[in-house]
Amino acid sequence: MLEIIVLPLLTMVTCKETRAAIIALHKNGFTGKDIVATKIAPKSTIYRFIKNFKERGSILVKKASGRPRKSSKRQDRLLKRIQLRDRSATSAELAQEWQQAGVSASARTVRRRLLEDGLVSRRAAKKPLLSKKNIRDRLIFCRKYSEWTAEDWGKVIFSDEAPFRLFGASGKRLVRRRKGERYHQSCVMPTVKHPDTIHVWGCFSSKGVGSLTILPKNTAMNKEWYQNTLQQQLLPTTQQQFGEEQCIFQHDGAPCHKAKVITKWLGDQNVEILGPWPGNSPDLNPIENLWSILKRRVDKQKPTNSDKLQEVIMKEWVAISQDLAQKLIESMPSRIAEVLKKKGQQYITETTETKI
């Protein structure tokens, strides 16, 4: 009789179902010894289930209380306020300050509490330090062009210089690796103490990328080089992209850009200048996003020497689509609006290519 009842119960694998089966047999008059003979569970487990059932009259297991929480909700809020006062404070430092408030907890507990509040440790983003003059100039510039539409910005050619370094133009790369593969050849990014650096000047508009010129090695952009670049690169680009249509040229306030000889030359060429461009404002220049995209593309090619690096830079530059260039230009009204909203502070642009 017992074997007939128990046979289907032996297929049960979960603790909850096993407990229910044991209690069912117990209720049907079988002794603990009879139930042990079925080998449905270890002897000690069977007798423990039966004992608990007799004491509580239920097959439900009393939920364990677990380890007591070391801090109250009020103390957790205090920890959050301490962290928000000093975002760079380490978990060990926070644990010490929290202890002064009566909470004895480890740095690990501190990290868990902050994670519960959505405060995650991340590398601090870098951005230019803005002076009061920078903020004022940014607001003046943004107010001046606040009514401009994407179509208006489509008449502007943006320009800038950028460095490209051998063995990592962008300076960082993520890899997926297994334990023990930290220094595996496929998981490392080679570095050198003094990598070759190539400086380039480029320009683009909503009609696509324009000219890109590479300065000779160990040559810095000065007013002579800049005037030659404008003559040889900018003018052909404006003619090719805009023809006889009037366009506007943007460049920042670098010393060689503001030189009297450059200002006079631009005037002689009837080149209209956007601005004056506010200092420390890479977030307002969409070409900064273009440089980030270009550097990532160059990185993927893994050039091994300066000649190869130059070749890859030029190849990837001309491969940039007009659609991408146009989307960057069309972001100008939102950049202007955001800086005004933030009262002159930085507008954080999304440089991830998939987001553009």
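The values are calculated or read from the model by the stated rules, or taken from the named source; none is laboratory data. Only a predicted model underlies this, so the values are computations on that prediction, with no experimental measurement involved. Protein only, heavy atoms only, side chains kept; ligands, DNA and RNA dropped before computing areas. Shrake-Rupley method; radii C 1.70, N 1.55, O 1.52, S 1.80 Å.
Is the shape of region 231-297 rounded, prolate or oblate, going by the alpha carbon gyration tensor and its root eigenvalues a ≥ b ≥ c, with a/c under 1.5 for rounded and a/b larger than b/c for prolate?
Verdict is oblate for region 231-297.
Considering only Cα-Cα distances, which of the following residue pairs are longer than 26 Å: Lys295/Lys327; Lys260/Lys315; Lys295/Lys341?
Lys260/Lys315; Lys295/Lys341
Given a 1.4 Å probe and every protein chain left where it sits, what share in percent of the accessible area of region 200-320 is carbon and sulfur?
Exposed carbon and sulfur together represent 47 percent of the surface.
Rounded to the nearest whole Å², what accessible area per residue is found for region 214-356 with the 1.4 Å probe?
54 Å²
Per residue, how many Å² of accessible area does region 99-153 show with a 1.4 Å probe?
Ligands and nucleic acids excluded, the result is 77 Å² per residue.
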